[in-house]
Each structure stands twice: as structure tokens, then as C-alpha cells.
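Okay, structure first, notes after.
Values quoted throughout were computed directly from the atomic coordinates according to the rules given, and no laboratory measurement underlies them. These numbers come from a predicted model, not from an experiment. Every residue, glycine among them, receives a Cβ derived from its backbone with ideal geometry; neighbour counts consider all protein chains shown.
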Amino acid sequence: MRTALVRRKKRQTGLDPLAWSIFLTLISSLLFKRIVDIWGKVAIPDCQELPVAFMGATDRFDGPMEWLLVIGVSAAALLIVQAFHALLSRTAHRTFWLLWLVNMAAAALLIWSFLLSWAYFNPTARSAAPIFQFTQTFAPRLLYMEPLPLDPLPPSDIQDWIWHEELNAWVNEPIGLMWRKEVVRTCEPVELRRAQLKLIYGEHDPDGQVIDNIGVEQMRAPVEGDVLYDLDGNYLVTIGSPYHKNSDITRARDAGYDSKKAAMTPAEAESRFYDYWWSYPVSDPLAPTTVPRIQKEQIDQIVAESWGDDRPSWRED
């Protein structure tokens, strides 16, 4: 009698502990997936390590997206069993089915997120194209990456930084630094990126350019950063965000730093660079040096000509 009463009360309230536990697990997993999406793109030293951040370093289940697949498949299987049990026991009600549909949609989203990531990192696989084609039915423009050409170096002086064409650098003799814009990060391998673009966009990119005709250097998606040398051309340090400092190219430059030849330490060079910009008054070189002054009579005349009044009384009005 007591068991039947508890079952009837559960049927009326719809507070099924198993359904709500699945719901909380799936919502937490989706939140974790969002963190993986952001962290996997920002925290990696180089583009080459992007598959490791999402799919793991080996073929085993050691990547975050693979564990999300396990959670999604397990939740879907448990939901199917739960649905059969509810139908056979006739304990299903509107709240139960509503929560069940939400849970199944969340589980399907986790599974599809893994499939999309797997297809992206395996663009030449036979199953990759159907996965992206299905996704494009409701998300037709997936801007995962767009290879962009490098911006040309501005051949002009910047305050105390004097541009030297032969050195391809700015030189600031008072603080003893040479500053260059150089490539600090690229994405390899090129053919994998080309296959990923063709998987996402087809034969042409969003700008109409034939993907097979995109140059190798542009496909490598080079990123420029700020690199400091001493006045003799000895490498000192690469400055900027961890995105620039931790790349393979930067680590190779750092390994070539020679303390016996360099005029200063990397920390001192970085400190001098930033101290200069913090202490220097920043101004717009195109801005006028003086503020033009207009007399009251001129203002009155301008107002009069605009409003057709020879003796303007706009101040009194």
C-alpha cells in the first residue's frame, strides 16, 4: 500500500530522480564541451596541437571530445531503456516525456559534437563529408577558419622608432632595441588545412576563390608578432600574448638566444619596450597641433547665413 502511494505521488509530481540526474549530467557535459571549445583553441601552443586538445594524443579514448561521446551514448542508451520501462509500466506522463525529450536532445548534441570534431580532424575520411553536409542544412556558414594573407609592414617611422628599410625593422637607439614584425606562428600541415576547407566550403571558399589555388604560404595561416633584437641584430625576446610566446617558432627562437652576445636579457628587453610605450605620450599624428578658435561674431554670422537672419538672436532664443 505504501509503495503504491509513493509511486502514485511520483507519477503526479513527475520528480523522477533518474531523469533529473541524467538531465544535470548532460547539461554539465554540454557546459564542459563549451569550455573545451574555448580552451582547446586558446591554450594550445600551436595549431598542430589542436587535434590533441580535442581528440587526444593517441587512438585510445584519451581526449575530452571522446569522453563526451561516451557520456552521450551512455545517456542515450539509458534513456531508451527508461522509455521502454515507462511504456511497459504505464507510469509515463507529460512531464516525464518532456524531460525525456530534452535529455535525448542533449545526448544527441553531445554525440553530434564528437562526430563533427572527428570529421574536422579527419577531412579525407568517407564519413566526414556527410556529417558536414547534414550540419550545413541548419548551419550553412561554418566559419571555422579563413586563411588570410599577411599585412605588409608599414615603412614609416613610429615616434622614436626609426624605420630602416635595409634592416626591415624599426630601431630605437635611445633604449637599444630593434623591433621587427615577424611570423611567430603558423598552421601545419598545409594539405590537411586545404582538405578541411574543402570539407567545409566545397571547391570554393566564401570569397569565391578556388581552394586548390590558394597558395601554400597563405594556407599556412601565418601570424605576425613583435620580435625584439639588440642593435647588433642579436635575438632577445618575442613579446605579446601566450598565443605568440608559446608557439614552436618562438620556442625555436628562444632556444637560439645567446646571453654572451646579446646586449641584455630577454626580461630587460621586454621591460624597456613596454616602459617606453607607457611613458611616451600617445598622440594622433594626423590630428591638428592647435585647436582652431572661432570668434562669437563668426558664429553669429554662420548661424545667420544658415537660418536667413541678418541679426541672429539664437542665444536669446
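Across the range 158-231, the convex hull enclosing all Cα atoms gives 122 Å³ per residue.
Estimated at 0.36 nm per residue, the fully extended path between Asp205 and Thr137 surpasses their Cα-Cα distance by 22.7 nm. Amide H contacts of Glu224 (H built 1.01 Å from N, in plane; Pro and chain starts excluded): Val184 sit under 5 Å, all sequence-distant by 5 or more or on other chains.
The string of couplings for the range 60-75 from the Karplus curve (6.51, -1.76, 1.60, θ = phi - 60°) is 7, 7, 10, x, x, 5, 5, 6, 5, 4, 4, 5, x, 5, 5, 5 Hz, one whole number per residue in order, with x for Gly and Pro. Per-residue Karplus couplings for the range 170-175, computed as 6.51 cos²θ - 1.76 cosθ + 1.60 with θ equal to phi - 60°, are listed in order as 9, 10, 10, 5, x, 9 Hz, Gly and Pro entered as x. Convex hull of alpha carbon positions in the range 48-129: directionally averaged projected area 6.6 nm². The range 212-285 has equivalent-ellipsoid semi-axes of 26, 20, 11 Å, by the square roots of 5 times the alpha carbon gyration tensor eigenvalues, sorted largest first.
A compact globular protein would have a Cα radius of gyration near 2.2 N^0.38 Å; the ratio found for the range 96-136 is 1.43. FRET efficiency for the pair Trp97 and Ile38, taken as 1/(1 + (r/R0)^6) with r the Cβ-Cβ distance and R0 = 45 Å, rounds to 0.85. Residues in the range 49-54 carry Karplus couplings, in order, of 8, 4, x, 5, 5, 9 Hz; the curve used is 6.51 cos²θ - 1.76 cosθ + 1.60 with θ = phi - 60°, and Gly or Pro positions show x.
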